[in-house]
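Q: If you scroll down you'll find the structure; I have some questions about it.
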Amino acid sequence: MANRYSLSGDRRRNPFGTIARGTLELFIIIIGIYIAFQLENNREAKNKAALEKNYLEQLLEEVEINQEELKADQDERNEQLVFLKKILETPLRQVDADTLRKAVDALFTVRLYSPTDAVYQDLVSSGNLGIIKSDEFKRVLMYYRRALSRVPSTEDRDVKLISDQLEPYLMEKQLLSFLEPHRDLNEISISLDQKDRMIRQLLRDRKFIDLVYLRIHTIQDVIFFENPMQWHLRNMKKLLEEELGLS
């Protein structure tokens, strides 16, 4: 009996059992830390994915708004060109008086492209631009922003043509307020017949025809530099819809 109890005590004091238990406990701790680390990574990945999806949805909305704004901008400019070219036609063919009045109004009409970019600015200022995984989308976005930066200078040339040449020309002719190219005022309104005679008088002045020609040219320049933005916006919309599974 004495020997048996002695052997049992020896087993309890076995150093290999202590090492095994310690190793097992350490392994369990490591596994626990690893699982916690993976859960945290998964949670962070899900949060990033949700944030990216939110940005993509907002970017898509922003792109669609800018597409509509740019289309309206281009449509109005193309309509301007139709009327302004009617002025150039007058030496060659008869143009009705109503069209010429609309053409004179179009000669002084200015429309500036005003895109919304709040989402893009937020991405940049918050440092979250890198959260967008699509390199192709970021590349097209860069092309759009580059094309956008060129538009103000061409629009400015168009605006300055009016302020620096067209308006001074009509003021020199003492016709600016009568033709009311900016806004009609009841206090100085004249009859349509009087206005038509003034326009016919302008059409006989070659300088006026040259100014109309210049305005056509500056409008065409703005359209030319805005065209690439239409292509980039269309590509961005397509890529965003693909990323969001909306294709």
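Q: From the list Tyr213, Tyr169, pick out the single residue that is aromatic (Phe, Trp, Tyr), open to solvent by 70 Å² or more (accessible area, probe 1.4 Å), at pLDDT 90 or above and closer than 20 Å to Thr109 by Cα. Quick ask: steps written out before the conclusion?
A: Details: Tyr169 fails: open to solvent by 70 Å² or more (accessible area, probe 1.4 Å).
That would be Tyr213, the only listed residue that is aromatic (Phe, Trp, Tyr), open to solvent by 70 Å² or more (accessible area, probe 1.4 Å), at pLDDT 90 or above and closer than 20 Å to Thr109 by Cα.
Q: Determine, yes or no, whether Leu179 is more than 30 Å from Asn47 (Cβ to Cβ), open to solvent by less than 40 Å² (accessible area, probe 1.4 Å) and modelled with pLDDT of 90 or more.
A: Details: more than 30 Å from Asn47 (Cβ to Cβ): yes; open to solvent by less than 40 Å² (accessible area, probe 1.4 Å): yes; modelled with pLDDT of 90 or more: no.
Criteria not met by Leu179.
Q: Same structure, new question: State whether the residues of the range 18-40 include one that is touching a helix residue (DSSP H, G or I) at 6+ places or on another chain (Cβ under 8 Å) and not charged (D, E, K, R).
A: Checked the range 18-40: no residue is touching a helix residue (DSSP H, G or I) at 6+ places or on another chain (Cβ under 8 Å) and not charged (D, E, K, R).
Q: Go through the range 70-117 and give me each residue that's assigned to a helix (DSSP H, G or I), of a type in the set (A, V, I, L, M) and either open to solvent by less than 70 Å² (accessible area, probe 1.4 Å) or modelled with pLDDT under 90 (or both). Full working, then the answer.
A: Kept after step one, since they are assigned to a helix (DSSP H, G or I), are these residues of the range 70-117: 70-89, 97-107.
Next, from what is left, pick out any that are of a type in the set (A, V, I, L, M): 70, 72, 81-82, 84, 87-88, 97, 100, 103-104, 106-107.
Once the filter is applied, which keeps residues that are assigned to a helix (DSSP H, G or I), of a type in the set (A, V, I, L, M) and either open to solvent by less than 70 Å² (accessible area, probe 1.4 Å) or modelled with pLDDT under 90 (or both), the range 70-117 yields Leu70, Ala72, Leu81, Leu84, Ile87, Leu88, Ala97, Leu100, Ala103, Val104, Ala106, Leu107.
Q: A further question follows. So, in the range 123-150, exactly how many residues are surrounded by fewer than 11 Cβ atoms within 10 Å (Cβ to Cβ), of a type outside the set (Ser, Thr, Tyr) and closer than 15 Å to Met229 by Cα?
A: 0
Q: Restricting to the range 1-53, what's the tally of residues that are among the hydroxyl-bearing types (Ser, Thr, Tyr), modelled with pLDDT of 65 or more and open to solvent by less than 100 Å² (accessible area, probe 1.4 Å)?
A: Within the range 1-53, the first condition is being among the hydroxyl-bearing types (Ser, Thr, Tyr), and the residues that meet it are 5-6, 8, 18, 23, 34.
Then keep just the ones that are modelled with pLDDT of 65 or more; that gives 18, 23, 34.
Of the ones still in play, those that are also open to solvent by less than 100 Å² (accessible area, probe 1.4 Å) are 18, 23.
Residues flagged as among the hydroxyl-bearing types (Ser, Thr, Tyr), modelled with pLDDT of 65 or more and open to solvent by less than 100 Å² (accessible area, probe 1.4 Å) within the range 1-53 amount to 2.
Q: Out of Lys133, Lys138, Lys160, report the one residue that is farther than 16 Å from Lys207 by Cβ, assigned to a helix (DSSP H, G or I) and within 24 Å of the chain's Cα centre (by Cα). Walk me through it before giving the result.
A: Numbers: Lys133 fails: assigned to a helix (DSSP H, G or I); Lys160 fails: within 24 Å of the chain's Cα centre (by Cα).
Selected residue: Lys138, the only one of Lys133, Lys138, Lys160 that is farther than 16 Å from Lys207 by Cβ, assigned to a helix (DSSP H, G or I) and within 24 Å of the chain's Cα centre (by Cα).
Q: Got a number for residues in the range 54-65 being open to solvent by less than 50 Å² (accessible area, probe 1.4 Å) and closer than 11 Å to Met236 by Cα?
A: In the first step, residues of the range 54-65 are kept if they are open to solvent by less than 50 Å² (accessible area, probe 1.4 Å); the result is 55-56, 59-60, 62-63.
In the following step, the residues that additionally are closer than 11 Å to Met236 by Cα were identified as 56, 59-60, 62-63.
Adding up the residues that qualify gives 5.
The values are calculated or read from the model by the stated rules, or taken from the named source; none is laboratory data. Quantities reported herein were computed from a predicted structural model and do not represent experimental measurements. All Cβ positions, glycine included, derive from the backbone under ideal geometry; neighbour counts span all protein chains shown. Side chains are part of the model used for accessible areas, which takes the heavy atoms of the whole protein and leaves out ligands, DNA and RNA. Shrake-Rupley method; radii C 1.70, N 1.55, O 1.52, S 1.80 Å.
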